[in-house]
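The values are calculated or read from the model by the stated rules, or taken from the named source; none is laboratory data. Predicted, not measured: the structure shown is a model, and the values here were computed from it. Here Cβ is always computed from backbone atoms with ideal geometry, including for glycine, and neighbour counts include all displayed protein chains. Each accessible area value is taken on the protein alone, full model and side chains, heavy atoms only, with ligands, DNA and RNA left out. Shrake-Rupley method; radii C 1.70, N 1.55, O 1.52, S 1.80 Å.
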Amino acid sequence: MRNYHIGVVGISGLVGQTFINIIEKENYPFFQWHFFSAHQHNLDKISFSNQQYNVELISEDKIKALDYLLLFTPEDVSKKYARLCEKNHVYAIDNSSYFRLKRGVCLIVPEVNISSYNKHYIISNPNCSTIQCVVPLHLIHQQFKLKKVYYHTYQSYSGKGKDGLKELDDKINKNDLNLIPCIGKVNLDYISSEEEKMVAETRKILQLPKLAVFACCVRIPSFYCHGVNVIFQCHKKISLNKIKEILKSQRIIKLIDEDYPLNLIHGTNEIYIMRIRKISNYELSFFTISDNLIKGSAYNAYQILHHLIGLNHQI
Ligand SMILES: NC(=O)c1ccc[n+]([C@@H]2O[C@H](COP(=O)([O-])OP(=O)(O)OC[C@H]3O[C@@H](n4cnc5c(N)ncnc54)[C@H](OP(=O)(O)O)[C@@H]3O)[C@@H](O)[C@H]2O)c1
């Protein structure tokens, strides 16, 4: 078995830290990890699997020595280094939104569309709220053919990165715990950037470019996990029992019928689905909660890495 040289940038951030926790638990001996910062001032040591590793400044020469690079950085940083990966035939798995809708770049949720991966050197990890919705919707579409989807999100402050956690701490101190009914900037139709992402990414991942999708995204005063109420309409008549059966067939989904153990969701890999309600013969609603830092970002990226290594090198 050959060794794979895998770089990680953005390790001081929330998603980068979560990724480190995941790989520390898995500890594959043939994965050689390299830790990078894109800032000169952040070059410290990192303790990983009981060893001290240097954090190096990322550069084109360092990239050339890698097989894969994971980027947990803002758009402009991701853009620069993912392009250098592409130029040097190194696979980049990027968490920012920069490449997600670019033509030719695959936006991957392994449970849904890994089979559409086209060997492009840049692979995008989708938006955190979108991932937990498209996994169940994909299964539902295969059986009942989706016609319309409405999302209403309840998103925690860790979705804004480490600054978001500080912001919520400040709000707690000021006793200012309100809902914020808009995430990101609005466009000319008053649709917010977070809502635009959920609509466009859902269509791209499900490969349904004409699917009617509407999203309403709300920030709630919670530190971790995102909740989404999903309402959908199908072309075929829906059977509620069949929906439960197909959702249960997907390992990453945990169906909760009653007793909501919501305090147990933070820190876990799964997508929790509850409150499945019939609206009409063709419409149904369910509520989903998942940890935005895990399946919503770091764990999905980790799964993509595994699939790419398997697809490219037959491990
Ligand atoms: N949080 C989520 O739920 C979530 C979900 C899906 C996708 N994402 C995306 O994942 C990426 C990371 O998010 P996060 O929540 O981990 O953010 P974060 O906590 O703010 O961390 C950002 C990371 O990027 C580095 N960074 C920031 N500005 C930089 C610059 N100008 N040059 C070089 N490095 C820079 C930071 O390093 P320093 O500490 O040195 O500043 C830090 O390591 C973002 O693109 C975000 O949109 C986040």
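Treating r as the C-beta distance of Arg275 and Glu75 and R0 as 45 Å, the FRET efficiency rounds to 0.85.
Amide H contacts of Leu255: Ile273, each under 5 Å away and 5 or more positions distant or on a separate chain (H built 1.01 Å from N in the peptide plane; Pro and chain starts excluded). Computed from backbone phi, the HN-Hα couplings of segment 237-242 come to 4, 9, 10, 4, 5, 5 Hz, rounded to whole numbers (Karplus: 6.51 cos²θ - 1.76 cosθ + 1.60, θ = phi - 60°; Gly and Pro given as x). Applying 0.36 nm per residue to the separation of Tyr282 and Glu258 and subtracting their alpha-carbon distance, the gain on full extension is 6.3 nm.
Each Lys or Arg adds one and each Asp or Glu subtracts one; over the other residues with Cβ under 13 Å from the Cβ of Asn54, this totals 0. Annotation: Ser47 carries an accessible surface of approximately 70 Å², with a 1.4 Å probe and no ligand, DNA or RNA atoms counted.
Working note: 222 nm ellipticity from helices only, DSSP H runs with n ≥ 4, each -39,500 (n - 2.57), summed and divided by the residues of the chain, gives -10000 deg cm²/dmol to the nearest 500.
Between helix 299-313 and the chain, what is the angle of the helix's C-alpha long axis to the longest principal axis, kept within 0 to 90° and rounded to the nearest 10? Once rounded, the angle reads 60 degrees.
Once phi is turned into θ = phi - 60°, what whole-Hz ³J(HN,Hα) does the Karplus curve with 6.51, -1.76 and 1.60 give for every residue of segment 89-104, x standing for Gly and Pro? Residue by residue, segment 89-104 yields 6, 10, 7, 10, 10, 10, 8, 6, 8, 4, 9, 3, 9, 6, 4, x Hz. Electrostatic bookkeeping for Glu270 treats Lys and Arg as +1 and Asp and Glu as -1; over the other residues with beta carbon under 9 Å from its beta carbon, the sum is +2.
Surface analysis of the chain yields an accessible area of 48 Å² per residue, using protein heavy atoms and a 1.4 Å probe.
Ligands, DNA and RNA left out, the 1.4 Å accessible surface of the chain is 49% carbon and sulfur atoms. For segment 89-190, relative contact order (Cα pairs under 8 Å, six or more residues apart, normalised by length) works out to 20 percent.
Think of each Lys and Arg Cβ as +1 and each Asp and Glu Cβ as -1; about the Cα centre, that makes the dipole of the chain roughly 1180 debye. Note: relative contact order over segment 216-272, using C-alpha pairs below 8 Å and six or more positions apart, is 32 percent.
Look at the alpha carbon pairs under 8 Å that are at least 6 residues apart: their mean separation over the length of segment 1-134 gives a relative contact order of 20 percent. Amide H contacts for Leu293 (H built 1.01 Å from N in the peptide plane; partners 5 or more residues away or on another chain; cut-off under 5 Å): Cys225.
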